Amino acid sequence: MSASGADGTGPAPGAAHPGGAAAAPAAAWWRDAVCYEIYPRSFADGNGDGVGDLPGATARLGHLADLGVGAVWITPFYPSPLADGGYDISDHTAVAPDLGTVQDFDALVGRAHALGLKVLVDLVPNHTSVDHPWFREALAARPGSAARLRYLFRPGRGPAGQLPPNDWQSAFGGPAWTRTADAEGRPGEWYLHLHAPEQPDLDWRHPEVRADFERILRHWLDHGVDGFRIDVAHALFKAPGLPDAGPGQHQDVHRNHLMPYYDRDELHPLFRTWRALLDTHPAPPGAVAPRERVMVAETGVFDPVRLARYVSPGEMQQTFNFAFLECPWDGPAMRAAIGTSMAAMASVGAPVTWVLSSHDAVRTVTRYGGGAAGARRARAAALLMLALPGAAYVYQGEELGLPQADIPDDRLRDPLWERSGHRERGRDGCRVPLPWEGGTAPYGFSSAAPEDCWFPQPADWARFTVQAERHGPDAGRSMLALYRAALRLRRAHPAPARAALELDGPDGGEWLAFERGAGLRCVVNFGHRPLPLDDDAEVLLASAPLSGRTVPQDTAVWTKSKKEHHR
Ligand code: NOJ
């Protein structure tokens, strides 16, 4: 079996052919951008208090430029009581005091732009913190008062209102409702929170909510940002009357769109107004050149056709492809995830936005089996993702091959840990401070003592530091070297914006291959049978050593035809 498709296999049935619909101009920067996600509290600490901050991040942006990404997304740095890692926001247009000041944010944007990096920030429109002035006002107000209408307060069920208003479950476990009590402790209405109780959901049918988020978008555009990542974009509107969801909630993400609180049609006109705002809001004074501002949706929508609606013309430009992230390391499953996503996005003229890792996901190396096998697969997956046409997101530490860290029970912070009755450890293991240099914790992350850093780092991470992977004795074989080389080659081999992607390889088989563009071909072997390369294939990059001219198991290779290469 050859990896070229020249043996007659040809494009498999179901191969994706993007580009059928009208597409945005090919020059749109976001269509093939690689964006690096910074989780600021764990990226770099500038003031030595053990918590990463904006000046620390600014000082380390050179790493991103050296890596070769084109954009950076910074997760929430806004004031927050940190009930959910900063996604519980008490002021959407300010900077958390422990992370810096607005001037520090401006300095970060200035430095990023000087390095040629676009900057995206989070917009968290589904909920606020319980510390937000609106929610404090609502709690202090009477049931039915105007202040409560910005949120979803409801009387309880049962004779004394002692039962939640419906059966909705929080994504973090337990009921999605919490009962209020007045100053004397008398129980009152319930309020909705699809996440932690400290994250009350806003009522998106309230005009003040809409107006306030337009203000927030304009605020950060005036600070020079190039776009927004829209948190739980699929959850803003709830079905009128808040009907019961029925059994089985959160058990099968593929049924999310059937839930009365997800993926409602009312979302799309709202996103169109935001897109118009981004397209028309004037560039801030002093901006070098007008840039197209983008939105990337975080959507728990797994039906590819429904997902494509979020990036249809006039809406957002990107939506994370979680079907790819959640796909097991398995040839047929990967092939299906890639082909289906490409076809769905192509139907609306949008690129696929590939993602393997984030502050919410178990680190790739661990997810793919851990140890040497997991690392080997994560390397192959990186070459697969970075060859695919479309945009890609890289989460801090992914480029170092960090595994999921073990965090002692008493240091866990994720609300999932408490809300699940200590059954789920949650996401803290992928949020451990980044190792930059040196042989012991905190590995250059902070000048604070390791025990004063907000999460402990593993004792054996010296081999994962940026310094070791960039300049150490094994630097040539490091994950960082692989990402740097891949990003360099990716830039030199752009994928045509509207080209067809033909997935080679037998349907249901254990390998796949495709042409990225400019002659670059990616071959991935998931199976145990070695896969011969074409005779004229020149190897540009491989995720693991080849056995002669064959691609071993769990290996990805980028090749170019010798004829093409020397043309
Ligand atoms: C998605 C964010 O990525 C996650 O960290 C957060 O817990 C939820 N949205 C709620 O805001």
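The values are calculated or read from the model by the stated rules, or taken from the named source; none is laboratory data. Just so it is clear, the model here is predicted, and its values are computed rather than measured. Because the Cβ atoms are built from the backbone with ideal geometry, glycine has one as well, and the counts that use them run over all protein chains shown. Side chains included, ligands, DNA and RNA excluded: accessible areas come from the protein's heavy atoms. Shrake-Rupley method; radii C 1.70, N 1.55, O 1.52, S 1.80 Å.
Out of the residues in the range 104-124 meeting the condition of being of a type outside the set (Val, Ile, Thr) and under 15 Å from PRO79 (Cα atoms), tell me which one is surrounded by the most Cβ atoms within 10 Å (Cβ to Cβ). Outline the logic, then answer.
Within the range 104-124, the subset of a type outside the set (Val, Ile, Thr) is 104-108, 110-118, 120, 122-123.
Then drop every residue that is not under 15 Å from PRO79 (Cα atoms), which leaves 104-105, 122-123.
Numbers: ASP104: 19, PHE105: 25, ASP122: 21, LEU123: 23.
Looking at the filtered set, the residue picked out is PHE105.
Give the residue, chosen from ARG293, ARG377, ARG335, that is in contact with a helix residue (DSSP H, G or I) (Cβ under 7 Å, 6 or more places away or on another chain), touching a residue at least 40 places away in the same chain (Cβ under 8 Å) and among the basic types (Lys, Arg).
Numbers: ARG377 fails: in contact with a helix residue (DSSP H, G or I) (Cβ under 7 Å, 6 or more places away or on another chain); ARG335 fails: in contact with a helix residue (DSSP H, G or I) (Cβ under 7 Å, 6 or more places away or on another chain).
Within the list ARG293, ARG377, ARG335, the selection yields ARG293.
Taking GLY314 as the residue in question, decide whether it is open to solvent by 30 Å² or more (accessible area, probe 1.4 Å) and at pLDDT 95 or above.
Working: open to solvent by 30 Å² or more (accessible area, probe 1.4 Å): yes; at pLDDT 95 or above: yes.
Here the answer is yes, as GLY314 does meet what is asked.
Failed condition for PRO532, given (1) open to solvent by 10 Å² or more (accessible area, probe 1.4 Å); (2) closer than 25 Å to THR353 by Cβ, with all others met?
(2)
Starting from the range 422-435, keep only residues that are under 17 Å from ALA83 (Cβ atoms), then list their pairs with residues that are away from the ligand (no atom under 14 Å from the Cβ) whose Cβ atoms are within a distance under 6 Å, requiring at least 6 positions of separation or different chains.
Close Cβ pairs satisfying both conditions: ASP428/ILE407; ASP428/LEU412.
Picking from PRO247, PRO187, PRO243, PRO200, which residue would you name as being open to solvent by 50 Å² or more (accessible area, probe 1.4 Å), touching a strand residue (DSSP E or B) at 6+ places or on another chain (Cβ under 6 Å) and not β-branched (Val, Ile, Thr)? Walk me through it before giving the result.
Details: PRO247 fails: touching a strand residue (DSSP E or B) at 6+ places or on another chain (Cβ under 6 Å); PRO243 fails: touching a strand residue (DSSP E or B) at 6+ places or on another chain (Cβ under 6 Å); PRO200 fails: open to solvent by 50 Å² or more (accessible area, probe 1.4 Å).
When all the criteria are applied, what remains is PRO187.
Just to verify a result, which residue in the range 427-456, among those that are closer than 22 Å to LEU61 by Cα and aliphatic (A, V, I, L, M), is surrounded by the fewest Cβ atoms within 10 Å (Cβ to Cβ)?
ALA448
Using the structure shown, decide if GLY100 is within 15 Å of the ligand (Cβ to nearest atom), open to solvent by less than 40 Å² (accessible area, probe 1.4 Å) and under 30 Å from VAL394 (Cβ atoms). First the steps, then the outcome.
Numbers: within 15 Å of the ligand (Cβ to nearest atom): no; open to solvent by less than 40 Å² (accessible area, probe 1.4 Å): yes; under 30 Å from VAL394 (Cβ atoms): yes.
Against the criterion (within 15 Å of the ligand (Cβ to nearest atom), open to solvent by less than 40 Å² (accessible area, probe 1.4 Å) and under 30 Å from VAL394 (Cβ atoms)), GLY100 does not qualify.
Would you be able to tell me the number of residues in the range 280-306 that are closer than 18 Å to PHE228 by Cα and under 23 Å from the mean Cα position of the chain (by Cα)?
10
Could you tell me whether any residue of the range 342-361 is part of a helix (DSSP H, G or I) and in contact with an Asp or Glu (Cβ under 8 Å, 6 or more places away or on another chain)? Before you say what the answer is, go through the steps one by one.
Let us first name the residues in the range 342-361 that are part of a helix (DSSP H, G or I), namely 342-346.
Filter once more, so that each one left must be in contact with an Asp or Glu (Cβ under 8 Å, 6 or more places away or on another chain): none.
Checked against the condition, which is being part of a helix (DSSP H, G or I) and in contact with an Asp or Glu (Cβ under 8 Å, 6 or more places away or on another chain), the range 342-361 yields no hits at all.
Considering only residues that are buried (at least 19 other Cβ atoms within 10 Å of the Cβ), within 16 Å of the ligand (Cβ to nearest atom) and charged (D, E, K, R), which ones fall in the range 322-358?
Result: no residue meets the conditions.
Among the residues that make up the range 98-107, is at least one of them touching a Leu at 6+ places or on another chain (Cβ under 9 Å) and of a type in the set (Asp, Glu)?
Taking the range 98-107 and keeping what is touching a Leu at 6+ places or on another chain (Cβ under 9 Å), we get 99-101, 104-105, 107.
Among the residues that remain, those that are also of a type in the set (Asp, Glu) are: 104.
Yes, the range 98-107 contains at least one residue that is touching a Leu at 6+ places or on another chain (Cβ under 9 Å) and of a type in the set (Asp, Glu).
Checking the conditions here, which among GLY174, GLY110 is away from the ligand (no atom under 16 Å from the Cβ), touching a residue at least 40 places away in the same chain (Cβ under 8 Å), among the small types (Gly, Ala, Ser) and out of contact with any Phe, Trp or Tyr (no Cβ under 8 Å at 6 or more places or on another chain)? Explain how you work it out, then say what you get.
Working: GLY174 fails: away from the ligand (no atom under 16 Å from the Cβ).
Testing whether each residue is away from the ligand (no atom under 16 Å from the Cβ), touching a residue at least 40 places away in the same chain (Cβ under 8 Å), among the small types (Gly, Ala, Ser) and out of contact with any Phe, Trp or Tyr (no Cβ under 8 Å at 6 or more places or on another chain) leaves just GLY110.
Are there helices (runs of 4 or more DSSP H) fully within the range 368-475 with at least 2 residues that are out of contact with any Lys or Arg (no Cβ under 9 Å at 6 or more places or on another chain) and at pLDDT 95 or above? List them. Outline the logic, then answer.
Values: elements: 371-387, 415-419, 466-471.
Ranges flagged: 371-387, 466-471.
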